[in-house]
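The values are calculated or read from the model by the stated rules, or taken from the named source; none is laboratory data. It should be emphasised that the depicted structure is a prediction, and the values quoted were computed from it without experimental measurement. Using ideal geometry, Cβ is built from the backbone for each residue, glycine included, and neighbour counts are taken over all protein chains shown.
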Amino acid sequence: MLIILMIIIAYLLGSIPSGLWIGKVFYHKDITKEGSGNIGTTNTFRVLGFKAGIVVLFMDILKGTLAASQPYLFHQPHVNPLLIGLFASIGHAVSIFDHFHGGKAVATSAGILLAYNPGLFLVAASTFIGVLLITSMASMASMIGMTTIFVIALYIHDWILATVAGILTVAVFYLHRENIVRIIHGKESLVHFGLVYHISKKNDAK
């Protein structure tokens, strides 16, 4: 019964549409109708700006961390936090508070990893930032970051992490399917920093 309760709490935590609510309350904007229409961190940065984007990033990470920390909080050491935290990612992608729509679950999944293994979280964060600084594409950084954790989990024989990371990797690639098409055709949106962005600006100036 307690496991079911933790799953429900994880889903509800993940379902909190941080970007949507912050946009409506503080900026009087509906980010589902602007930019990419996504309620996640990247579109929040794009539509609402840096401050709102940072707040949403930390909130989305915190959702995953709190959800995955429940086995520790409820003194259930036999329950793997990844299996509970997974439902926070599901909630973020299919939110009950957003008509069962949502974001792409990258930051929330990172939060789950933070609760499970802070060292691997740092690896994932470093990979994400590194790829972002090179490609200027949040979508590319998200997919490579998630894939990196999946490969590491296989290498260290952490089969539960590999299973959860594998599920989330497939989900992230699926949720980024439109981004993948734009990347292939050279039309993906770029963040306003990084190597590719600066190269593109130089080319436009010629």
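Data table
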{"item": "Breaking point among (1) in contact with a Gly (Cβ under 7 Å, 6 or more places away or on another chain); (2) surrounded by fewer than 22 Cβ atoms within 10 Å (Cβ to Cβ), for Ile129", "result": "(1)"}
{"item": "Which numbered condition Ser69 fails, given (1) assigned by TED's automatic domain parsing to the domain that holds Thr32; (2) modelled with pLDDT of 95 or more; (3) closer than 30 Å to Lys33 by Cβ; (4) not hydrophobic (A, V, I, L, M, F, W, C)", "result": "(3)"}
{"item": "First in the range 36-58 and in the same structural domain as Val25 (by TED's automatic domain parsing) and basic (Lys, Arg), second anywhere and in a helix (DSSP H, G or I) and modelled with pLDDT of 90 or more, Cβ under 9 Å, 6 or more apart", "result": "Arg46/Ile31; Arg46/Gly53"}
{"item": "Residues (over 19 Å from Ile152 (Cα atoms) and among the polar types (S, T, N, Q)) located in the range 69-107", "result": "Ser69, Gln70, Gln76, Ser89, Ser95"}
{"item": "Test for Gly145: is it crowded, with 19+ Cβ neighbours inside 10 Å, in contact with a helix residue (DSSP H, G or I) (Cβ under 9 Å, 6 or more places away or on another chain) and outside the structural domain of His78 (by TED's automatic domain parsing)", "result": "yes"}
